[in-house]
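Novice: Attaching a single structure in structure tokens format; questions to follow.
The values are calculated or read from the model by the stated rules, or taken from the named source; none is laboratory data. Quantities reported herein were computed from a predicted structural model and do not represent experimental measurements. Every residue, glycine as well, gets a Cβ built from its backbone with ideal geometry; the counts of neighbours run over all protein chains shown. All accessible areas refer to the heavy atoms of the entire protein, side chains included, with ligands and DNA or RNA removed. Shrake-Rupley method; radii C 1.70, N 1.55, O 1.52, S 1.80 Å.
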Amino acid sequence: IPLYEPRGWIERGWVPGNSRDPEVKSFLETMLARAKRLQQQLQAPNAAEDAMPRLVLGSSCRQTLARAVAQDGKVEFLSRSEIDNPMFGRVTVPGDGVVSLDSALGIPPSPTLATESVCTGHNAYVGDQSVTDRIVQLFQR
């Protein structure tokens with residue numbers, strides 16, 4: 001799906017209101033162009049960031065919801081507690097239970113960026129000694 005193309009939004013009925021209304025269409029085009037520019041800026045190198053050591057941590061040992069189930073004309077979002085659902089393994093990816101590993105580590109590479117995969121839950125990073133040790137090592141550089 002070309003996410004930033006208005007046609008895809010209109011064809012799928014994702015536009016609130018009358019998509020044929022010139023004001024609605026203009027608003028949609030403006031917002032999608034703005035969203036596209038934002039994503040491009042987020043992916044662009046940043047000299048200020050590249051000038052200092054940074055650490056990005058992500059967990060990979062907890063199944064993390066990443067997709068919805070679409071079947072029989074309906075879309076269903078599973079919860080983390082539905083591990084017995086036969087679709088659970090198809091809609092989850094490695095992560096910390098909230099943020100996927102790919103999302104956590106998916107920032108542009110940089111010579112000053114260190115990434116590390118740990119095994120902890122989303123709300124447990126601050127209590128994980130290996131995480132604390134890695135942060136201390138970063139500050140000691």
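Novice: Report in % the part of the accessible area of the chain that belongs to carbon and sulfur, leaving out ligands and nucleic acids; probe 1.4 Å. Intermediate results must be reported in sequence, preceding the final value.
Specialist: Values: 5450 of 10110 Å².
Carbon with sulfur: 54 percent of the solvent-accessible area.
Novice: Relative contact order of the chain, please, whole-number percent, based on alpha carbon pairs below 8 angstrom and at least 6 residues apart. The partial results should precede the final answer.
Specialist: On the way: 170 pairs, mean separation 36.1, N = 141.
Once normalised by length, the contact order is 26 percent.
Novice: Restricting to the chain, compute how many DSSP beta bridges are antiparallel as a %, nearest 5. Before the final figure, lay out the partial values.
Specialist: Details: 8 of 15 bridges.
Antiparallel bridges: around 55 percent, rounded to the nearest 5.
Novice: Would you kindly derive the ³J(HN,Hα) couplings of region 45-53 from the backbone phi angles with the Karplus curve 6.51 cos²θ - 1.76 cosθ + 1.60 (θ = phi - 60°), listing them in order in whole Hz, with x for Gly and Pro?
Specialist: Ordered by residue, 3J(HN,Hα) equals x, 10, 4, 5, 5, 5, 8, 9, x Hz.
Novice: Run the simple label-point estimate for residue 49 and residue 128 please: 7 Å along Cα→C-beta, distance reported in nm.
Specialist: 2.1
Novice: Set the Förster radius R0 to 30 Å, insert the Cβ-Cβ distance between residue 29 and residue 61 as r into 1/(1 + (r/R0)^6), and round the FRET efficiency to 0.05.
Specialist: Working: r = 42 Å, r/R0 = 1.41.
After rounding, the FRET efficiency stands at 0.10.
Novice: A further question follows. Whole-Hz ³J(HN,Hα) for each residue in region 60-71, computed from phi via Karplus 6.51 cos²θ - 1.76 cosθ + 1.60 with θ = phi - 60°, x for glycine and proline: what do you get?
Specialist: My calculation for region 60-71 gives 10, 10, 10, 4, 10, 5, 9, 9, 9, 9, 10, 7 Hz in order.
Novice: Using a 1.4 angstrom probe on the protein heavy atoms only, line up 3, 101 by accessible area, largest first. Walk me through the numbers before you get to the answer.
Specialist: On the way: 3 85, 101 35 Å².
The ranking, largest first, comes out as 3, 101.
Novice: Within a Cβ distance under 14 Å of residue 124, other residues only, what is the Lys/Arg minus Asp/Glu net charge?
Specialist: On the way: positive: 62; negative: 96, 128.
Every neighbour counted, the sum reads -1.
Novice: Would you compute, from DSSP H runs of 4+ residues alone, the mean residue ellipticity of the chain at 222 nm, taking -39500 (n - 2.57) per run and dividing by the full residue count, rounded to the nearest 500?
Specialist: -10000 deg cm²/dmol, from helical runs alone.
Novice: Given a Förster distance of 22 Å, report the FRET efficiency between residue 113 and residue 41 from their Cβ-Cβ distance, rounded to the nearest 0.05. Could the numbers behind the result be given before it?
Specialist: On the way: r = 17 Å, r/R0 = 0.78.
Approximately 0.80, to the nearest 0.05.
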